[in-house]
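Since the structure comes first, as structure tokens, the remarks are kept for the end.
The values are calculated or read from the model by the stated rules, or taken from the named source; none is laboratory data. Since the structure is predicted, the reported quantities are computational estimates derived from the model, not experimental observations. Glycine also receives a Cβ, built like all others from the backbone with ideal geometry; neighbour counts cover every protein chain displayed. The protein model used for the area step is the full one, side chains on, heavy atoms only, and it has no ligands, DNA or RNA in it. Shrake-Rupley method; radii C 1.70, N 1.55, O 1.52, S 1.80 Å.
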Amino acid sequence: MCAMLAGVATSQTVPSQGSNDQLNVGGLFADQTLNVVTVDEGVSATTTAGGNTFGMTVDGADGGLTSNQDNQGVISAHGVINASGSMGASSSNATTAVGNSGTATAAYGTLSGFMVQTNTGAVTARGQIEGETAQAGDVAETTLAAGNSQGLLLVNGSMGARVSQNNQADVAADGGAILHYVSGTAVVAGTAAGNNIDLTGANQSAARVITDQNNGAANVTGTKFTAYGNSYLSATGATASGNNLSASNEGPLLDVTSHQYNTAYVRGQAEESSYEFGSAQASAYGVGNSVMAGNYGPGLVLDNTQVNDGGGVEVIASFSGDSGYDAGSSATAIGNAVTGYVCNQCSGTMTATNSQSNNVDVSARSTISLTGNARSIAGVATATGNNASFSVTNSGH
């Protein structure tokens, strides 16, 4: 998930020594509608709403950062494309809504930071393509919603950071697409997270981070629905996470201490129908708490604690049609998930400590319904309370 937003309510830039304090209490509403009859090249719509956004970069120097972001307003982004004729060769509809968004970058230097994000305003991103009589070449329809999102970026740099995130409001990413005929590739995807942290390190970087993520919202939902008369290649996907941490580094050390607590009902739902289809896939994923930490280098230290409580996790995926070639449906639901890996062409070492507790129901349902013929049908449904995977390899990327 991307941590940066453009055109939002509050934006600041600070020098190498930064102190940031942001409060947004007003509602943010971004609405866009494109009415299309016929175009040749394509249609593009970008709709973004956010409460607070902040970025700091140290380049060739050392710096320190203290950041506090508090969003209390409702955040809503709604992007719609109405089409009746042709949408052209390639079209896209991107809709994003985030309560608090921040990035911290260390390039050829060292950054130490303490970042706090609190969201209490409901966040909704809804993207739609309405073209019951329309045709299109390639189509991409993406929807992203997050209560809090923090990005940590390193390029031949080092970083020591503590990130604290608290989300107490519903987060939803939904919508979909209706088209008569898709001659190319149609990708429709929605991603929702109560709290999200992305760390990316490149070119011999090193990072030590401590993260605390608490998602006390009632609901986190990612839902996508698509319907096609005739489609060549199509994929409908939905992902919902209470708390998500993704850390990937290339360098001598990645040291991650993660604490995640989720009480929200998490729902991922992806449903697709296509009367005639070439290759069609519906995929849904839902997880209460998720951590991925990997270092393409000699050292990884991972200390992980996860508790999933409250509303449970429910995932639904389905595909229906008449006749075609390849049809698939995949539903994966997990209470707590952690993956750690260290990879080096010489040798890698890992120190991992893991504690996971799932106290609620987890369900996954996958359905495929055809009224005619198909070349292949593949369905997967997986429900897991706690999943942990750790690996050390001696191969490269």
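A few comments on the model shown:
- Exactly one residue out of N354, N336 is in a strand (DSSP E or B) and open to solvent by less than 40 Å² (accessible area, probe 1.4 Å): that is N336.
- Of the residues in region 274-295, at least one is surrounded by fewer than 19 Cβ atoms within 10 Å (Cβ to Cβ) and among the polar types (S, T, N, Q).
- Flag if A125 is within 21 Å of the chain's Cα centre (by Cα), under 26 Å from A227 (Cβ atoms) and among the aliphatic types (A, V, I, L, M): yes
- Strands (runs of 3 or more DSSP E) lying entirely in region 12-87 (those with 2 or more residues that are more than 22 Å from N195 (Cβ to Cβ) and open to solvent by 50 Å² or more (accessible area, probe 1.4 Å)): 17-24, 28-38, 44-59, 75-86
- Of all residues in region 88-98, those being surrounded by fewer than 20 Cβ atoms within 10 Å (Cβ to Cβ), more than 16 Å from the chain's Cα centre (by Cα) and part of a strand (DSSP E or B) number 2.
- Residue that is acidic (D, E), closer than 30 Å to S376 by Cα and either touching a Phe, Trp or Tyr at 6+ places or on another chain (Cβ under 6 Å) or open to solvent by 10 Å² or more (accessible area, probe 1.4 Å) (or both), where the choices are E250, E271: E271
- Hits in region 255-268 - residues which are touching a strand residue (DSSP E or B) at 6+ places or on another chain (Cβ under 6 Å) and open to solvent by 10 Å² or more (accessible area, probe 1.4 Å): D255, T257, H259, Y261, Y265, R267
- Qualifying residue in region 324-331 (condition: touching a Lys or Arg at 6+ places or on another chain (Cβ under 8 Å), among the charged types (D, E, K, R) and closer than 30 Å to S274 by Cβ): yes
- Listing of strands (runs of 3 or more DSSP E) fully contained in region 154-272 that carry 3 or more residues being among the small types (G, A, S) and either closer than 26 Å to F114 by Cβ or in contact (Cβ under 8 Å) with a residue 40 or more places away in the chain (or both): 158-167, 171-202, 219-249
- Criterion: surrounded by fewer than 16 Cβ atoms within 10 Å (Cβ to Cβ), part of a strand (DSSP E or B) and in contact with a Phe, Trp or Tyr (Cβ under 6 Å, 6 or more places away or on another chain) - qualifying residue of S391, S363, S369: S391
- Residue satisfying condition, being closer than 30 Å to Y181 by Cα and part of a strand (DSSP E or B), within set S290, S283: S283
- Top-ranked residue of region 117-135 - restricted to ones that are outside any strand (DSSP E or B) and among the small types (G, A, S), ranked as surrounded by the fewest Cβ atoms within 10 Å (Cβ to Cβ): A122
- Condition met for S101 (closer than 25 Å to I197 by Cβ, in a strand (DSSP E or B) and not β-branched (V, I, T)): yes
- The number of residues in region 293-333 being in a strand (DSSP E or B) and closer than 16 Å to N215 by Cα comes to 5.
- Pairs, first under 30 Å from T349 (Cα atoms) in region 274-297, second among the aromatic types (F, W, Y) and modelled with pLDDT of 95 or more, C-beta under 8 Å, six or more apart: N289/Y261
- The one condition from (1) closer than 23 Å to H259 by Cβ; (2) out of contact with any strand residue (DSSP E or B) (no Cβ under 6 Å at 6 or more places or on another chain) that A122 does not meet is (1).
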